[in-house]
């Protein structure tokens with residue numbers, strides 16, 4: 001229960017996110033542990049991402065003009081960013097990610113195991 005005037009208006013600190021859209025990621029924990037997939041949407045404020053082929057849920061859909069059949073639809077659900085890791089194609093393993101700043105000022109991500117640019 002929140003009491004008015006007791007620290008309820010704290011600003012959210014934005015955490016740096018190393019996972020971006022179209023990255024290949026490896027699932028570290030949960031029902032789909034060990035699977036890889038491509039990220040097609042990231043929700044930084046929630047700390048979650050949608051990954052193709054991972055974390056399927058069954059949703060009961062009502063009949064509508066867009067979906068005249070209705071019934072049970074299987075779709076991807078968001079997975080926590082803490083439960084996925086960037087996948088290094090040269091190591092064929094999940095990667096711990098480091099950041100490099102190049103001489104022209106651009107940032108690149110690299111695998112800390114093999115030091116390959118991701």
Point to revise | Residue ID - nearest to the chain's Cα centre (by Cα), chosen from residues in the range 102-118 that are closer than 18 Å to residue 26 by Cβ and part of a loop (DSSP other than H, G, I, E, B) | key: 118
Exercise for review: Might you let me know whether the range 44-55 holds any residue that is on the phi < 0 side of the Ramachandran plot, at pLDDT below 90 and surrounded by 12 or more Cβ atoms within 10 Å (Cβ to Cβ)?
Suggested key: yes
Exercise for review: Go through the range 57-66 residue by residue and tally those that are within 20 Å of the chain's Cα centre (by Cα) and surrounded by 12 or more Cβ atoms within 10 Å (Cβ to Cβ).
Suggested key: 0
Review point. Do we have residue 39 as part of a loop (DSSP other than H, G, I, E, B), surrounded by 15 or more Cβ atoms within 10 Å (Cβ to Cβ) and modelled with pLDDT of 90 or more here?
Key: no
Review point. How about the range 72-95: which of its residues are over 15 Å from the mean Cα position of the chain (by Cα) and surrounded by 11 or more Cβ atoms within 10 Å (Cβ to Cβ)?
Key: 73, 75, 88, 89, 90, 91, 93
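The values are calculated or read from the model by the stated rules, or taken from the named source; none is laboratory data. Predicted model only: the values in this text are computed from it and were never measured. Counting neighbours? That spans all protein chains shown, and the Cβs are built from the backbone with ideal geometry, glycine included.
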